[in-house]
Amino acid sequence: MGQDKSLIIDGNEAVARIAHKTNEVIAIYPITPSSPMGELSDDWSSAGQKNIWGNIPEVIEMQSEGGAAGAVHGSLQAGALTTTFTSSQGLLLMIPNMYKIAGELTPAVIHVAARSLAAQALSIFGDHSDVMAIRQTGYGMLASGSVQEAMDMALISQAATLKTWIPIVHFFDGFRTSHELARVIDIDDSVIRAMIDEEDVVQFRARAMSPDRPVIRGTSQNPDVYFQARESVNPFYEAMPDIVQQTMDKFAELTGRQYRLFDYVGAEDAEQVILLMGSGAEAADETVESLLEAGEKVGIIKIRLYRPFTAQRLLKLIPRSCQAIAVLDRTKEPGADGEPLYKDVMTAMAEAIIRGDSDYKVLPRMAGGRYGLSSKEFTPGMIKAIFDELKSESPKSPFTIGIIDDVSHTHLEWDASFETSAVKKTTQCVFYGLGSDGTVSANKNTIKIIGEETDLQAQGYFVYDSKKAGAVTISHLRFGAEQIRSSYLIGTGQAQFVACHQDMLLDRFDMLEMAAPGAVFLLNSSAEQEAVWDSLPPNLQQQVIEKKLKFYAIDAYQVASDSGMGRRINTIMQTCFFAVSGILPGDEAIEKIKSAVEKSYGRKGRRIVDMNFRAIDNTLTAMYEVKVPERTTGKIEKQQLIPDSAPEFVREVTARLIEGKGDLLPVSMLPNDGTWPTGTAIWEKRNIGPEIPVWDEELCIHCGKCPFVCPHAAIRSKVFPVDVLEDPPVSFKYVPVKGKEFPEGMQISYQVAPEDCTGCGICVEICPVRDKSRSSHKALNMRKQVPLKEQESVNWDYFLTLPEYKRSDIRWRTMKGAMISQPLFEFSGACVGCGETPYIKLATQLFGDRMIVANATGCSSIYGGNLPTTPYSKDPQGRGPTWSNSLFEDNAEFGLGFRLAINAQKDHANNLIDTLSDDLDEDLVTGFKQADQSDEAGIYDQRQRVERLREQLQSMTGHEARALEGVADYLVKKSVWIIGGDGWAYDIGFGGVDHVMASGRDVNILVLDTEVYSNTGGQMSKATPKGAVAKFAAGGKTMKKKDLSMIAMAYENVYVAQVAFGAKDMQTLKAFMEAESYPGPSVIIAYSPCIAHGVDLAYNLQQQELALKSGHWNLFRYDPRRTEQGKNPLQLDSAKPSIPYVDFAKTEMRFSMLQRSQPDRSRELFGQAEKDAHERYEHYKKLSEITYENEDAAITSKEN
Amino acid sequence: MDMSTEYLGLKLKNPLVPSASPLSKNLDTAKKLEDAGASALVMYSLFEEEVREEDDLMDNYLYSQDIGHNEAHGYLPVSDNYQTKTDEYLAQIFSLKHALDIPVIASLNGVTVGGWVDHALEIQQAGADALELNVYYIAAEPDKSGREVESLYVDLLVEMRKHINIPLVMKLSPYFSSVAYMVRELQKHGVDGVSLFNRFYQPGIDLETLNIIPELSLSSSQESLLAMRWVGLLYGNVDISLAATGGIHTAEDALRMLMSGANVCHLCSALLKNGPGYLAKILAEMESWMEEHEYESVSQLIGSASKLNAVEPAAFERCNYLQVLRSYQV
């Protein structure tokens, strides 16, 4: 064993370390929360790290998990030790191959960070629904409950699968274990080598497919033999459990850590026993220890090997004294009479009794319970509640724990204040921060310092809210002398240290609820020292006084600025933590932080290192203790987050989620079919923009460009007659609108939503007008938000009351005209300066009131549909986009389904009108027959007709009239949009996109091309350009970007457009309108700058222009209708490359990183990219210049 | 002809030294300069702003990638091989030292004292023979007095001198109330030489976009008169090396500069315009003129027409002004 090296890592890293060492090929597809395993493997292989055989594992990213499973299967069959990592939907996509891999008795491990399956909603969080969905594939299943176990089981499963020939799914809880930072003991290479039997590897290779000893597999079998062949594997499953136990024993000999297939923890004479697996077992272990101290007779069994399920071994562990058993499942099987683990145990108990080899003559009291779905907390209080329930005569079964089920009344009540004795032995710290402020990385660093420099055990778990940027982060840190099994969040009243790194969070959370009596409260506040106390809302002041907290404060942003750190406060807050928490003695702590800074930045960031040192030194003098008065001085009022004017659902449900009190919502208050209302983001005022644009109404030329480019719909324009203005607020601005398109007397106003604007400044950037006396002054100028907030909120609210301009009167072909329409996509949680959202917003302006959206998983489904709010909203008539995210791979097909359904119902409506034509007004029926809905006026007329139809139907009887009422709305044209990123369109969903293009149906496909998998953290897609650095292309992508437009144009019946809103806004507008009008499949590929490009998105527009000028991106429209007029369908809308490619590339870190790390390779790749850009343009140009003869002319000339 | 001269304690074979320019970014052109006869080489500058900007970029996009999204704690893989601008610069010093026989003078261009000492130490360690400090400071703040501006220069020098033992030369702008006083002060605090004068590039305005735009133009011989006057005034009043820079395009310009008292003449625009080989032409013409006029060595020439030794010393000062005005025919 020698010297045990300890590491501070999370579950993903622990598993990946072993997987990388013990495999030769790793084929993956990223999915939260398992992506880091693949990324780390790729990093290590790129850095030349070898496996135990001295070779560098080959890591490849596939186009989907289905593809990854296929590649894994193939690689195994051809004799390479192969593995993959996945979760949730990804695991489901692997199922077909898993049957095959198991059916062929192939040694392999799939490591799964277990995650919920998408049912009524998607969830990235952890439970066992995914692994339970594969239990019938024939794979073995091994569960880990902690980071240490995950590392250990990764090795045990790899060794065991080679011996048993049965593939194994090794799983651990998504986020709770996969992302928990903990101190673990590393496994030395010598141990890994000792565990993997070389003879097993030789045998594995001997069975591989090889022309040197050819066999066939994957035959097609018939009724005569399939059944027998299927049964032939039984001996392997019989032998497996023993072999796994032997493997665990061997591991114990080498490391001292002994695992068993099932581990019992508790009293020898326990009367109540709980069976469970995963991280919940750790919390249960801790709870049992505590309850034993209190004299309770309880125990748990941790289930490790779930498949094959060796019932007998399990039952033997149950103490004779046991009278009641609860089996916990972290999944739900609707319609079943019990969840999987419960049923397995029940069957085992019953069979044992039937066989007569059980200690029980009759079945004991048994209950099946569900817990922890989608990382719902599973705490000691809940575990105790289960034990208590088991004491009753007939324990509830099935039961749920952790929720309030007021519909089916399945839940058990629990005591939220129950604490285990372990809690008293650990120091618990909670930190509130905001997304990018470095709080999380500071805490990770802190854990590393403490874990590596002391003998303390350490644990870190990080909770993020649902926004993509500016999310609130809450870090839960624990330190203690003994092993920390607390697989749950720090509870109220338990934290010895509470820090608030952003003073704006003070009135959002009851954060001092978390504080234990006598705890330390650290606040980063920009208020003057004397004013800090008053800046606390009264509820927090109350807690400080009552709990006798020690209150420290610091103006961290000031210290940062003084030290030259800009807005980086992580090191400063970290220093404060060490100074006041007492975990490490002061000087020693400071020294450790400094050396950690050196280690992070290395010699490359000398200036940064020095600045950090200065900041650390300045921190100690800048932090001060706040004098706590006897009474609260309650000056601040807790703000009501959601106003009373909001709809009931928003006030009752959405508000709870926004407040962070969603856990308290009972089952009855949640939509049962996954349906949530739209128009909710408008109620959430985030106030994250330090500056907002101010309109100079005298300078403005009303061009309409600013509402066009705003990613958040935070600046809008409206045109209205002057006589609708009744008592406008004093500061509300409006002027007569310029131009002849509007009738006399019309006014225009450009208004900002001050509490929703993110302050990106893109609107100011696009504004073309400068004051001739002050060139820095434009028609829009950024000014500090705080002083303007109140006034502009009033103005915004007033602006909203002004009537919308009649859609049929809007001049849609002009920017000014189109931009006065209402955006029905407002205030999303997308990144500041996002390049995707302006396109979606535009579509909702043009078609929103009749738009149905199929949205692929990705950034657009997260900012579009991640609760608590959605930015999609409704117009004053209550119409607006209806939206759903089905899956990732099926998005195009999902949208096609919409079109099929809409057409079917429209046809049905038309048929019913025919049937009922005698009873309906003649001109109404004619009107429907001749309806022309090619413009807004036509659509408006059709809506009028439908109104009249409804009026007439009201007085009609008969089922046809009722049926027609049900489908009448489908007579109004609907716009089907299939939206997603390049990850979907180019990779996992391409098969569907292809088929939908070929179908010829009328749908609009919008590809938001960020050229990388943005949502999951920058993995390469086939849209990633040559020379760009991305995950799985760390050395710069070698292959060219896939040309999706060319593929689409090859069909010749697809409308195809490439657009870039920041470079040519009119072309974008045109393309969207043409796509919609085209009565067939339309594909718009939209260039979307993204933070993954490594550029400040304040430069969003400039980047688009550079992309265009360098030939990196081209603009064109391919309209098949043009051929009917004898014209070439392809129109190039951009000019040939006019600047060197490298002039564009050097402005983005995704390219410049390569220049700096591999200058020769970057020169080569950029040289090629430059050539490609020219050639590509020339190619498009040639295509656009082909002369198309008129079909009739061709035929005529032939005849002649 | 003995063309040798001494500069910053270095013995150089002739007084022609290319100054900081992109020519030294490339080993081939650097070699061409040496082949054409350059007696030393001043490298392209390492700019403080570039280093800072890069630090910020790296911090934003490499070290602090977490923007607060649960599914992605980073967006770009971080490479261990990332070569910063500083790394690149030091590597270039190393390469130039290996490829060339002539002394290599590194150049730092910046504003604050801050981390500059570290860079200077690294440069010294990389083997540079001397270090030119290009303190490119625009005194734009109305509440900073001339004295305060001057102490910026002095403070920087003092700090540098504490840590650096290779020769230090400061490239100055002409915008001091008293150039002579400034140079004396720098001498007092240990500078080994001064290079006169830096050309401050003046920005232009784009009439269409109303943006302030960079406008770069090469120098002309006309500009060399400024340095020539001051070199002439300083020669004999200070003990440190004097380098003349800005507008030296011909052998005549160079000879005049030496006569005023310069130890070396820097060439930049002339070489950018005409190529590295042009240096050989100037050198040859200088030698040939000196032979014709029966000079024995450059050291004999240096300072011969400075204020100290000039036929009409007062011409270096105000009198020259009236004379010039009178000589101009409308």
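The values are calculated or read from the model by the stated rules, or taken from the named source; none is laboratory data. Note that the coordinates shown come from a computational prediction; the quantities given were computed from them, not determined experimentally. Ideal geometry is used to build each Cβ from the backbone, glycine not excepted, and the neighbour counts take in all protein chains shown.
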### Query
Of all residues in the range A:545-565 being charged (D, E, K, R) and either under 16 Å from B:Tyr63 (Cβ atoms) or in contact (Cβ under 8 Å) with a residue 12 or more places away in the chain (or both), which is surrounded by the fewest Cβ atoms within 10 Å (Cβ to Cβ)?
A:Lys548
### Query
Is it the case that A:Gln502 is among the polar types (S, T, N, Q) and closer than 24 Å to A:Gly435 by Cβ?
yes
### Message
So for the range A:695-711 (the condition being within 14 Å of chain B (Cβ to nearest Cβ) and either aliphatic (A, V, I, L, M) or surrounded by 14 or more Cβ atoms within 10 Å (Cβ to Cβ) (or both)), does at least one residue qualify?
### Response
yes
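If you scan the range A:433-454, which residues turn out to be within 29 Å of A:Ala284 (Cβ to Cβ) and surrounded by 18 or more Cβ atoms within 10 Å (Cβ to Cβ)? Reasoning before the result, please.
Step one: filter the range A:433-454 for residues within 29 Å of A:Ala284 (Cβ to Cβ), giving A:440, A:443-444, A:446-448, A:450-451, A:454.
Passing the criteria: A:Val440, A:Asn443, A:Lys444, A:Thr446, A:Ile447, A:Lys448, A:Ile450, A:Gly451.
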### Subset of the range A:1115-1170 [surrounded by fewer than 15 Cβ atoms within 10 Å (Cβ to Cβ), within 18 Å of A:Gln1103 (Cβ to Cβ) and charged (D, E, K, R)]
A:Asp1143
### Query
What helices (runs of 4 or more DSSP H) lie completely within the range A:179-238 and have 2 or more residues being surrounded by 14 or more Cβ atoms within 10 Å (Cβ to Cβ) and in contact (Cβ under 8 Å) with a residue 60 or more places away in the chain?
A:189-195, A:198-206
### Summary
Scanning the range A:830-877 for residues that are assigned to a loop (DSSP other than H, G, I, E, B) and aliphatic (A, V, I, L, M), the one farthest from the chain's Cα centre (by Cα) turns out to be A:Val832
### Query
Could you list, in sequence order, the residues of the range A:54-100 that are touching a strand residue (DSSP E or B) at 6+ places or on another chain (Cβ under 6 Å), part of a loop (DSSP other than H, G, I, E, B) and polar (S, T, N, Q)?
A:Ser87
### Output for the range A:54-65, where each listed residue is touching a residue at least 24 places away in the same chain (Cβ under 8 Å) and either within 14 Å of chain B (Cβ to nearest Cβ) or surrounded by fewer than 15 Cβ atoms within 10 Å (Cβ to Cβ) (or both)
A:Asn55, A:Val59, A:Glu61
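Mind listing just one residue for me: the one in the range A:589-607 that is more than 14 Å from every other protein chain (Cβ to nearest Cβ) and out of contact with any Phe, Trp or Tyr (no Cβ under 9 Å at 6 or more places or on another chain) and, of those, farthest from B:Gln65 (Cα to Cα)? Break it down stepwise before answering.
Residues of the range A:589-607 more than 14 Å from every other protein chain (Cβ to nearest Cβ): A:589-595.
Next, from what is left, pick out any that are out of contact with any Phe, Trp or Tyr (no Cβ under 9 Å at 6 or more places or on another chain): A:591, A:595.
Details: A:Glu591: 25, A:Ser595: 21 Å.
Residue satisfying both the conditions and the ranking: A:Glu591.
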### Query
modelled with pLDDT of 95 or more and within 27 Å of A:Ala160 (Cα to Cα), is that true of A:Gln258?
yes
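Would you point out which residue out of A:Thr814, A:Thr869 is of a type in the set (Ser, Thr, Tyr) and closer than 23 Å to A:Ile658 by Cβ? Steps first, answer last, please.
Numbers: A:Thr814 fails: closer than 23 Å to A:Ile658 by Cβ.
Only one candidate passes the filter, namely A:Thr869.
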### Task
Scan the range A:608-633 for residues that are buried (at least 17 other Cβ atoms within 10 Å of the Cβ), more than 14 Å from chain B (Cβ to nearest Cβ) and more than 14 Å from A:Lys550 (Cβ to Cβ) and jot them down.
A:Ile616, A:Asn618, A:Thr619, A:Ala622, A:Thr632
### Query
Going by the conditions given, is B:Glu54 touching a helix residue (DSSP H, G or I) at 6+ places or on another chain (Cβ under 9 Å), closer than 30 Å to A:Ser475 by Cα and not hydrophobic (A, V, I, L, M, F, W, C)?
no
### Matching option when the condition is farther than 30 Å from A:Ser776 by Cα, not hydroxyl-bearing (Ser, Thr, Tyr) and not in a loop (DSSP other than H, G, I, E, B), among A:Asp663, A:Asp673
A:Asp663
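Considering only the range B:35-67, how many residues are in a loop (DSSP other than H, G, I, E, B) and within 8 Å of another protein chain (Cβ to nearest Cβ)? Steps first, answer last, please.
Within the range B:35-67, the first condition is being in a loop (DSSP other than H, G, I, E, B), and the residues that meet it are B:36-40, B:64-67.
Now narrow it down to the ones that are within 8 Å of another protein chain (Cβ to nearest Cβ): B:64, B:66-67.
Selection size over the range B:35-67: 3.
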### Task
Could you list all residues from the range B:93-134 that are within 23 Å of B:Tyr201 (Cβ to Cβ), away from every other protein chain (no Cβ under 12 Å) and not in a loop (DSSP other than H, G, I, E, B)?
B:Ile105, B:Ala106, B:Ser107, B:Leu108, B:Asn109, B:Leu131, B:Glu132, B:Leu133, B:Asn134
### Task
With a cut-off of at least 3 residues that are touching a residue at least 40 places away in the same chain (Cβ under 8 Å) and aliphatic (A, V, I, L, M), name the helices (runs of 4 or more DSSP H) lying wholly within the range A:929-1011.
A:959-967, A:990-999
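For the range A:305-326, give me each residue that is closer than 16 Å to A:Met141 by Cβ and either in contact with a helix residue (DSSP H, G or I) (Cβ under 7 Å, 6 or more places away or on another chain) or part of a helix (DSSP H, G or I) (or both). Before you say what the answer is, go through the steps one by one.
Looking only at the range A:305-326, we keep the residues that are closer than 16 Å to A:Met141 by Cβ, and these are A:305-311, A:313-314.
Matches in the range A:305-326: A:Leu305, A:Pro308, A:Phe309, A:Thr310, A:Ala311, A:Arg313, A:Leu314.
Listed here are the residues, each with its yes/no results for (1) more than 29 Å from the chain's Cα centre (by Cα); (2) over 30 Å from A:Arg320 (Cα atoms); (3) surrounded by fewer than 19 Cβ atoms within 10 Å (Cβ to Cβ).
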{"position": "A:Val345", "(1), (2), (3)": "yes, no, no"}
{"position": "A:Ser358", "(1), (2), (3)": "yes, no, no"}
{"position": "A:Tyr371", "(1), (2), (3)": "no, no, no"}
{"position": "A:Ala385", "(1), (2), (3)": "yes, no, no"}
{"position": "A:Ile401", "(1), (2), (3)": "no, no, no"}
{"position": "A:Ile404", "(1), (2), (3)": "no, yes, yes"}
{"position": "A:Thr410", "(1), (2), (3)": "yes, no, yes"}
{"position": "A:Thr420", "(1), (2), (3)": "yes, no, no"}
{"position": "A:Val430", "(1), (2), (3)": "no, yes, no"}
### Query
On the given criteria, is A:Trp977 among the aromatic types (Phe, Trp, Tyr), surrounded by 20 or more Cβ atoms within 10 Å (Cβ to Cβ) and more than 30 Å from A:Thr814 (Cβ to Cβ)?
no
### Task
Identify, from the list A:Gln529, A:Gln542, the residue that is over 36 Å from the mean Cα position of the chain (by Cα), within 25 Å of A:Gln428 (Cα to Cα) and of a type in the set (S, T, N, Q).
A:Gln542
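Does B:Leu90 satisfy being within 14 Å of chain A (Cβ to nearest Cβ) and without any contact (Cβ under 8 Å) to a residue 24 or more places away in the chain? Steps first, answer last, please.
Details: within 14 Å of chain A (Cβ to nearest Cβ): yes; without any contact (Cβ under 8 Å) to a residue 24 or more places away in the chain: no.
Against the criterion (within 14 Å of chain A (Cβ to nearest Cβ) and without any contact (Cβ under 8 Å) to a residue 24 or more places away in the chain), B:Leu90 does not qualify.
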## Note on the structure
Counting only residues in the range A:1-53 that are within 20 Å of the chain's Cα centre (by Cα) and in a loop (DSSP other than H, G, I, E, B), the one surrounded by the fewest Cβ atoms within 10 Å (Cβ to Cβ) is identified as A:Thr32
### Query
Going through the range B:68-92 one residue at a time, which ones are outside any loop (DSSP other than H, G, I, E, B) and of a type in the set (Asp, Glu)?
B:Asp87, B:Glu88
### Query
Out of (1) part of a helix (DSSP H, G or I); (2) in contact (Cβ under 8 Å) with a residue 40 or more places away in the chain; (3) not aliphatic (A, V, I, L, M), what's the single condition that is false for A:Arg568?
(1)
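Return the only residue of A:Ile166, A:Ile196, A:Ile187 being at pLDDT 95 or above, among the aliphatic types (A, V, I, L, M) and within 24 Å of A:Gly451 (Cα to Cα).
On the way: A:Ile166 fails: within 24 Å of A:Gly451 (Cα to Cα); A:Ile196 fails: within 24 Å of A:Gly451 (Cα to Cα).
Result: A:Ile187 is the single residue among A:Ile166, A:Ile196, A:Ile187 that is at pLDDT 95 or above, among the aliphatic types (A, V, I, L, M) and within 24 Å of A:Gly451 (Cα to Cα).
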